[in-house]
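Structure first, commentary second.
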Amino acid sequence: MIGYITAMVETENGYIATDGNMRDIFFWSKDGTYVGTVDVKEFLGTRYPWIEDMRMAEDGSVLLLMTQERDDESASELMVFRMSGF
C-alpha cells in the first residue's frame, strides 16, 4: 500500500519512490515490475522520520532527506542518507 509519494527517482536499474506518510521506500525494475519495499525506520535506524525529498547524485547514488525531532524535543533535525547500489 502506498500512502503519500514524496519523491521518485529513476536509477540505472529501475525506479525508487519514497512514501512520507508510511515511511517506506518502494522499488520497481525498469519494466515496471514491483521489486519490494523497505521500512525506513528499520533500514536506517530512525525513530519517527518524515521523508522530505530524494535526489539522484552525480555519482548515481541517491540522497534521501528526512527530518526527525530530537529525543529531547528541542528541535527537528535534517538527516541526509546516501544510498547506492541501485
- request: Determine the share of the range 1-67's accessible area contributed by carbon and sulfur atoms, expressed in whole percent, with a 1.4 angstrom probe.
  value: 52
Where trypsin sites (Lys or Arg not before Pro) fall in DSSP loop in the range 1-45, at most 11 other Cβ within 10 Å: 30
query: Do any GluC sites (Glu not before Pro) in the chain lie in a DSSP loop with no more than 16 other beta carbon atoms within 10 Å, and if so, which?
result: 12, 58, 73
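About the Cα centre of the chain, how large is the charge dipole given +1 on each Lys and Arg Cβ and -1 on each Asp and Glu Cβ? Please answer in debye to the nearest 20.
160
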statement: Length gained if residue 71 through residue 42 is fully extended, taking 0.36 nm per residue and subtracting the Cα-Cα distance, is 8.7 nm
- request: Tell me which label goes with the value of Cα extents along the principal axes in Å computed from the coordinates here: (1) 45, 29, 29; (2) 33, 31, 20; (3) 45, 30, 18.
  value: (3)
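Keeping all protein chains in place, calculate the accessible area per residue for the chain (probe 1.4 angstrom), answer in Å². Before the final figure, lay out the partial values.
Numbers: 5410 Å² over 86 residues.
Value for the chain: 63 Å² per residue.
The values are calculated or read from the model by the stated rules, or taken from the named source; none is laboratory data. This structure is a prediction, so every number in the text was calculated from the model and none was measured. Here the Cβ is made from the backbone with ideal geometry for all residues, glycine too, and neighbour counts use every protein chain on show. Calculation scope for accessible area: heavy atoms of the full protein, side chains included, ligands and nucleic acids excluded. Shrake-Rupley method; radii C 1.70, N 1.55, O 1.52, S 1.80 Å.
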